[in-house]
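Notes follow the structure.
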Amino acid sequence: MVPPVFGEAAEGLAAHPDAGFHNTVFVVCGLLFVLLGVALIVTSSNALEHVYDYTDSSVDSNGVGHFDITIAKDMEPPVWIYYQLDGFFQNHRRYIKSYDPHQLFESASPRTLTEELPECEPSADMGGRVFYPCGLVARSLFNDTFAFAQRPSEVTDWQHVSVDSDAATVAWAADLNGKYKNVDPEAIEPRSGKANQVVMNMWILQNFPPVKCEQRNFSGGRPLLPVVVATRREVVSQASQNGGGGNAGAVEVQVPDCIGYMSGNPVCNFTRLGQPFACQDGYEQVSRKNWGIESGHLIVWMRVAGLPKFRKLWGKVDVPLQAGTVLRTHFVDNFPAKTFHGRKAIVLATTCSVGGRDDFLGYGFLSVGALCLIFGTWKFMQCLYAPRLLGDISFLVYR
């Protein structure tokens, strides 16, 4: 004898929630969503934000300009600094694919031939020297530079504001675990017998050298006079650039005038307004442990954005900015936003317990909660004035 199936032998038990139960669920969920939305909006309002579009700001003959931001409310540290681009499509498929991840972390044996970097096309080399780093993503790096000075309401002179732009501060932790490693620019490339910085176009060293000369004195409204790393000439042959020997077709190339990159105590020479500069009289030399492709600014830029309007973290201010303070932002206009009909802006922002300033999530919860309350109220009134009993078959139509 085959025993009966458990489901056939057991008595049937099924819940039959009525309309009142459904209405209660909608109303309760609506109230919860509304309360949560209000809490998010109130919490988000505690995060302050200042946005200044400087695309059309005037610059001098050196490409240097400035603008002032008046702090409306006290901004407690940390104060995060972002740059914002509008109209720049980093999500284009051809753009995203134009980089070589191996070049970014293979520090022991760099790829110095164009045919070794097919992923970087159409921006792999120039004049036979491969770009380091190569590809459209890296080569389109946002390279405007900034310097900040503040004038508190009770002070009459400008004070320098230090900004922490270390890679550990601005980049994702996942991007700092060996994905970016500097090649020693002074190491000898075995195929050519020349230094890596001669064989390759290590343009990134000009943007992010191991030592920078930063202006610290802005008293009396002194303007920014940017100091850059000097360059020196090195001789390289066309045959060496192609991995062969010989000295035919020798040409001169410019390399950053720095030594001791990997020594822990690098030294660089500088120029200001095209003349040699000793980095003194209101300027200070600052050693950077994150130089070259290990710079936080490059690492942040290499994580491409999904939308044409985006923000990327540039640095952090660890001092409070009091209400009434005028923050002067000096900038060097290197990134040509107008050429692609784009816009660029600087953003100052603080955070709260739910992150940065973002009212969208709060208003989203409010909208869903309001819809739930409207639907629940409508069904409640329908059940009150035009009820239909559970199991009522009077509305059924038989054909």
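The values are calculated or read from the model by the stated rules, or taken from the named source; none is laboratory data. Here the structure is a predicted model, which means the values were calculated and not measured. Counting neighbours? That spans all protein chains shown, and the Cβs are built from the backbone with ideal geometry, glycine included. Surface accessibility is based on the protein's heavy atoms, side chains included, excluding ligands, DNA and RNA. Shrake-Rupley method; radii C 1.70, N 1.55, O 1.52, S 1.80 Å.
Summary of computed values
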item	result
Where the Cα pairs of segment 282-379 fall when distances are cut into 5 Å bins, in %	2, 7, 10, 16, 16, 15, 12, 7, 5, 4, 3, 2, 1, 0, 0
Binned Cα-Cα distances of segment 99-252, short to long, each 10 Å bin given as a whole percent	9, 31, 29, 17, 10, 3, 1
Neighbour cut-off at most 13 other Cβ (10 Å), DSSP loop, GluC sites (Glu not before Pro), segment 42-128	Glu106
Helix-only [θ]222 nm of the chain, DSSP H runs n ≥ 4, -39500 (n - 2.57) each, per residue, nearest 500	-6500 deg cm²/dmol
Percentage relative contact order, the chain, counting C-alpha pairs under 8 Å, at least six apart	35 percent
Leading residue at positive end of dipole, the chain (Cβ point charges), from Thr112, Gly356, Gly178	Thr112
Whole-number D in µm² s⁻¹ for segment 59-144, Kirkwood Cα-pair radius fed into Stokes-Einstein, 10 °C, 1.306 mPa s	98 µm²/s
Accessible carbon and sulfur surface of the chain relative to its total accessible area, %, 1.4 Å	58 percent
Dipole of segment 263-399, positive direction: furthest Cα of Leu384, Leu307, Ala370, with charges on the beta-carbon	Leu384
Links that overshoot a 30 Å alpha carbon limit, given the list Lys181/Lys312; Lys289/Lys344; Lys73/Lys181; Lys73/Lys289; Lys97/Lys312	Lys73/Lys181; Lys73/Lys289
Residue-normalised accessible area of the chain, expressed per residue, 1.4 Å probe, Å²	55 Å²
Paired Rg and Dmax values of the chain, which use every Cα atom, in angstrom	30.7, 105
Shape of segment 191-344, Cα gyration tensor, a/c cut at 1.5	prolate
GluC sites (Glu not before Pro) lying in DSSP loop within segment 142-231, provided at most 12 other Cβ fall within 10 Å	Glu154
